[in-house]
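Have a look at the structure below before the remarks.
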Amino acid sequence: MTVDTITEQETIDGVRQIVEKIGSTRANLIPILQAVTNNFGYISETAIKEISTRLNLPNNEIFSVATFYRMLSTQPRGKHIIQFCESAPCHVVGGREVWLALKSALNIEPGETTPDKKWTLLTTSCLGVCGIGPVLMIDTDIYGNVKPEQVKTILSRYD
């Protein structure tokens, strides 16, 4: 099932199952939003309304949390999420050149998704592995000491 083929009823049923599994308290909001993101690729307006009903929280509170955390998205994302570290330690060891190679290979800007919905490109201030910069993370895979000429090879590892 792709993001484009998920019906409103499937979203409602999926959210109901997630809330039943995780719990329906305010403390469960972030795990619920993460599960919705994992299951559906993003947190739709329908999902927000259903979470609001099930947790008895205002829609705007759920939306605020959903848009605050980088790991969550209220917009459809690609199959693979690329996070590129733009911190100073990565920048001084060649991050800018790797960044330009990455943007060129994908032909998108930060925050965008490729037309085939394979990739979403994000920047981050730190991935916590400054000693091996420049660094990029694809899904949960971390690549360090990346050189511009390695970008296409790294991307080719993902279907």
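The values are calculated or read from the model by the stated rules, or taken from the named source; none is laboratory data. What you are looking at is a predicted structure, and each value in this text was computed from that prediction instead of being measured. No Cβ is skipped: glycine too gets one built from the backbone with ideal geometry, and neighbour counts run over all protein chains shown. Just so you know, the surface numbers come from the protein's heavy atoms only, side chains and all, with ligands and any DNA or RNA stripped out. Shrake-Rupley method; radii C 1.70, N 1.55, O 1.52, S 1.80 Å.
A few points about this structure:
- Within region 30-123, the trypsin sites (Lys or Arg not before Pro) that combine a DSSP coil assignment with at most 15 other C-beta atoms in a 10 angstrom radius are 70, 118.
- Nonlocal amide H pairs with residue 119, under 5 Å, H built at 1.01 Å: 79, 80, 114
- The residues neighbouring residue 81, those whose beta-carbon lies less than 14 Å from its own, together hold a net charge of +2 under the Lys/Arg +1, Asp/Glu -1 convention.
- DSSP bridge pairs, the chain: antiparallel proportion in percent, nearest 5: 55 percent
- Solvent-accessible area per residue for region 24-104 (1.4 angstrom probe, square angstrom): 52 Å²
- Mean-position separation - Cα centroids, region 124-159 and region 1-65, in angstrom: 31 Å
- Among 137, 71, the sequence by solvent-accessible area, most first, with a 1.4 Å probe is 71, 137.
- Ratio of the Cα radius of gyration of the chain to 2.2 N^0.38 Å, where N counts its residues: 1.16
- Relative to the longest principal axis of the Cα atoms of the chain, the long axis of helix 96-106 makes an angle of roughly 60 degrees.
- HN-Hα J in Hz across region 69-76 - Karplus 6.51, -1.76, 1.60, θ = phi - 60°, x for Gly and Pro: 8, 4, 6, 10, 8, 9, 10, x
- For the chain, the longest principal axis of the C-alpha atoms and the axis of helix 29-40 are separated by about 70°.
- DSSP bridge orientation in region 80-155 - percent antiparallel, rounded to nearest 5: 55 percent
- The chain: angle of helix 8-22 to the longest principal axis, Cα-based, in degrees nearest 10: 90 degrees
- About the Cα centre, charge dipole magnitude for the chain (Lys/Arg +1, Asp/Glu -1 at Cβ), debye: 280 debye
- For residue 90, neighbours were defined as the other residues whose beta-carbon sits under 12 Å from its Cβ, and their charges (Lys and Arg +1, Asp and Glu -1) total -1.
- Three-way shape label, region 8-66, alpha-carbon gyration tensor, a/c 1.5: rounded
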